[in-house]
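For reference, the structure discussed in these notes is given below.
Readers should treat all values here as calculations from the given coordinates under stated rules, not as data from a laboratory. On a predicted model such as this, the values are computed, not experimentally measured, just so you know. Heads up, the Cβs are rebuilt from the backbone with ideal geometry, glycines too, and the neighbour counts pull from every protein chain shown.
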Amino acid sequence: MKYIDEFRQGRLATQLAEAIQHTARADRQYRLMEFCGGHTHAIFRYGVQDLMPENVKYIHGPGCPVCVLPIGRIDSAIHLLENHDVILCSYGDLLRVPASQRQSLLKARAAGADIRMVYSTQDALKISRDNPTREVVFFAIGFETTTPPTAVAIKQAQGEDIKNFSVYCNHVLTPAALKSLLELPEDHIYGKTLVDGFLGPSHVSSIIGSRPYEYFTRTYHKPIVIAGFEPLDVMQSTLMLIRQLNEGRYEVENEYTRAVTYEGNQKAQALMAEVFELRDSFEWRGLGNVAHSALKIRSDYAMFDSEQRFSIPTSRAAEIKGCECPAILRGARLPTDCKLFGSVCRPDNPMGACMVSSEGSCAAYWSYGRFRQSQTVSGVESVA
Amino acid sequence: MCLAIPARIISIDSATDMATVSLADIEKQVSLALVSDVAIGDYVLVHVGYALNKISIEEAEKTLAMFAEAGLIGAQP
Amino acid sequence: MSVVIKRFPVKLDIRNGVVDLTYGSGGRAMAQLIEELFHKHLDNELLRQANDQAAFDVSAGRMVMSTDAHVISPLIFPGGDIGSLSVHGTINDVAMAGARPLYLSASFILEEGFPLIDLDRIVASMGKAASAANVPVVTGDTKVVERGKGDGVFITTTGVGVVPKGVNISGDRAQPGDVILVNGSIGDHGVAIMSSRENLEFTTRLESDSAALHELVAAMLEAVPDIHCLRDPTRGGLATTLNELAYQSGVGMKLKESAIPIKNAVVAACELLGLDPLYVANEGKLICICAEEHAQDLLQVMQQHPLGKKAAIIGRVHEDPNSFVQMETRFGGSRIVDWLVGEPLPRIC
């Protein structure tokens, strides 16, 4: 497969691994946070960590939109289903996330709710057209990669005068999350996240461009390298971060030049701006309430906003007792630090979103890496 | 949400703003609503049924060359 | 001269007719369905006897019996249908014990309203598969459920077979040092099915690999009677089946990703949908575990058979109290290949 296989060549991996071994200085740690669920997945699936020297560690950040969605929002969706006869359309990942009272969308479906898994917002629009007498709600989640498709769907619904389609909007913004992470105080509950540099998200960046990251390097003096999606991209970006740290630089570098430009995809940005506006505040799992970090649908498109169409109560749900998702999402703890990990909480019985989503740290640790005997990050010792 | 895959455009339907893309032996319909100036033969990133961006072939080659170069530097004592 | 009254006043309207509740009630309608549709395609001596059961002699030795229900949707897919699948699937389950499959039974649960023309096609396909494999369907059953209570048709097939002397194949026989082989590319069936599912639409020339493996197994056993394990990786894919075997035998496994045969189309479809091909279903593949000294012989025999042309050695068995299945990635790193959890929902992230 062109532009995929070339970026997965084992031979180049060996060379890059050697370059990293040579370049990383033995006298310091390199704690690199990767922000994109796809990066977490690539690192685990290809075993990239195995090719790194001991002092280069990846920390998994809140780059998984399924993981950062607070439980309360799923409770609200389930409440909507219980009180209205709607068809709820959702991406697959979301179906198994545990909500309050051991509920989930999948369980709600088993109990009779009409919940349909879709691959694309286009599918949700089709369901709306095919079922004109029923209300169709699309459960929108995702960072800036997935937001433009939702914007297109809303505009298309308006253009076609579709009267039974609306969106339950939970789109979140990457720069706000990054800012929130960098400003986290040390917290005796959640611990402290020590991060030296960031691997920037691949496809979010292809939409927003590399420009928004300049604020962060300037303000927080930590380097950011926007990394492509494939394992070789991750390794090359790691090398670039190590070089920056060695040289005391803190710049925005772009490794993923084949898909990311300075300005990004302006057509997509314009569409997003047309349909969405900032929420004052939105709750993130693991980060608490973050200002200007999420989107809601503009009043011009109010008829496509599920929260306007239906009365959906806001739900504040408590975290499951013992679940360390919030700390893990911030990179302050490892999955193996969580008492529930592997005992009660496993992929077939997930207690928190980090174990459900295949991008979540816990699921990745469990499914790909639990044969490793020990891991050390920021002095936190644990046995995998 | 990042899973986006490069695929090649093999046909375009301007009326519906859709394209057929091909990846190895698989063909899929995607929306072109988020991109402009694409032509048959171009590679685009595909995500949840949409083309997100065009892949720059020039930059792809440069990146691959960069990997190889890094490897050489690593090999030096 | 006496006139023989026609058994059934009107011939079954296969082209336009549908299943109705009388076809399952045990009366004339059912008898007509059986005679004019089922027997037409599944014809063999035992079935023609039209008893409620089939009686046959068995040779002395060990017998194997296996059963499988088929609820696949869509009913018809590239490379097969629920009919051929139900024949191949049960033949394979019997063959995985090293047994020679002898006979099949088939029970149908039909939904009221199901078009007879589709049923005819499915049963014809079963007949073809059964006679190609030389394993006849000798007895069967038909029931009809109300509209809405079934998915068109469900088929359960049961198979019996006989195990040759000296063959002792079991999931708990894998030992450290053993070699793991497969007979060809993985993930074909699952991807072919998905390509026909409505909202995951993509087009491909890829077909299901649904096939009867008993003759391949017979050839393998002739070359190497002492095969330790055989299993076909159906639902849950290669990964799940290997985990089952590892767990049953109390051993660990190490695979080499670059050695696992997989078609480009399968890789591409899995990339697009965010699925791991190791967890995608197969219907014409088997996993074989044998002692190291027999591996090359087995590989050769498999490669000479039409259903084993792409056979390969994909890994080895070692000691491991945790029974982990690990894999050396194409990249040089290592990862666990875990059991499948839940349904493989396509990933977007």
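Numerical summary
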item	result
Reciprocal mean inverse distance between Cα atoms of chain C - Kirkwood radius, Å	21.5 Å
Scaled radius of gyration (Cα, divided by 2.2 N^0.38 Å) that the stretch C:111-250 gives	1.31
Amide proton proximity set for residue B:50, modelled H, under 5 Å, gap of 5+	B:31
Average partner coverage of A:137-145, which counts Cβ from other chains inside 10 Å	3
Lys, Arg +1 and Asp, Glu -1 on Cβ, resulting dipole of chain A about Cα centre, debye, nearest 20	500 debye
Which listed pairs, of A:155/B:28; A:57/C:263; A:107/C:256, have C-alpha distances above 31 Å, in listed order	A:57/C:263; A:107/C:256
Degrees between helix C:82-95 axis and first principal axis of chain C (Cα, 0 to 90, nearest 10)	50 degrees
From phi via Karplus (6.51, -1.76, 1.60), per-residue ³J(HN,Hα) for the stretch B:64-70 in Hz, x at Gly/Pro	4, 5, 5, 4, 4, 5, 4
Counted charge near residue B:25, where neighbours are those whose Cβ lies closer than 11 Å (Asp, Glu -1; Lys, Arg +1)	+1
Percent breakdown of C-alpha pair distances by 5 Å bin, ordered from the shortest bin, for the stretch C:1-108	2, 9, 15, 17, 20, 15, 10, 6, 4, 2, 1, 0
Positive-pole candidate from C:186, C:203, C:289, dipole of the stretch C:179-336, charges at beta carbon	C:203
Projected area averaged over orientations for the stretch B:5-75, convex hull of C-alpha atoms, nm²	5.6 nm²
Candidates B:42, B:17, B:25, ranked by Gaussian network fluctuation over chain B, Cα under 10 Å, top entry	B:25
12 Å beta-carbon shell around residue C:259, net charge (K/R +1, D/E -1)	+3
Whole-angstrom gap from the stretch C:1-39 to the stretch C:242-297, using each part's C-alpha centre	47 Å
Convex hull of the stretch C:181-256 built on C-alpha atoms - directionally averaged projected area, nm²	6.8 nm²
Computed magnitude of the charge dipole of the protein assembly as shown (debye, nearest 20; Cβ of K, R +1, Cβ of D, E -1)	620 debye
Cα convex hull of the protein assembly as shown, projected area averaged across orientations, nm²	38.3 nm²
Nearest-ten-degree value, helix C:264-273 long axis tilted from longest Cα axis of chain C	90 degrees
Note, ³J(HN,Hα) from phi for the stretch C:304-315, Karplus 6.51, -1.76, 1.60, rounded to Hz, x at Gly and Pro	7, 9, x, 8, x, 4, 9, 4, 8, 8, 10, x
Within 10 Å of each Cβ in A:45-54, the average number of Cβ atoms from other chains	5
Amide proton proximity set for residue C:70, modelled H, under 5 Å, gap of 5+	C:155, C:156, C:157
The stretch C:179-336: radius of gyration and largest Cα-Cα distance (Dmax), Å	15.5, 48
Local electrostatic count, residue C:50, Cβ distance below 15 Å [Lys/Arg +1, Asp/Glu -1]	-2
Gaussian network model of chain A, springs between alpha carbon atoms under 10 Å - residue of A:43, A:162, A:141 with greatest fluctuation	A:162
Candidate aspartates and glutamates - alpha carbon under 17 Å from residue A:2, same-chain residues fewer than 8 apart omitted	A:230, A:233, B:25, B:27, B:42, B:58, B:59, B:61, C:271
Selected from B:35, B:21, B:46 as most flexible by GNM, with chain B as the system and alpha-carbon contacts under 10 Å	B:35
Cα-Cα pairs of chain A separated by more than 33 Å (percent)	30 percent
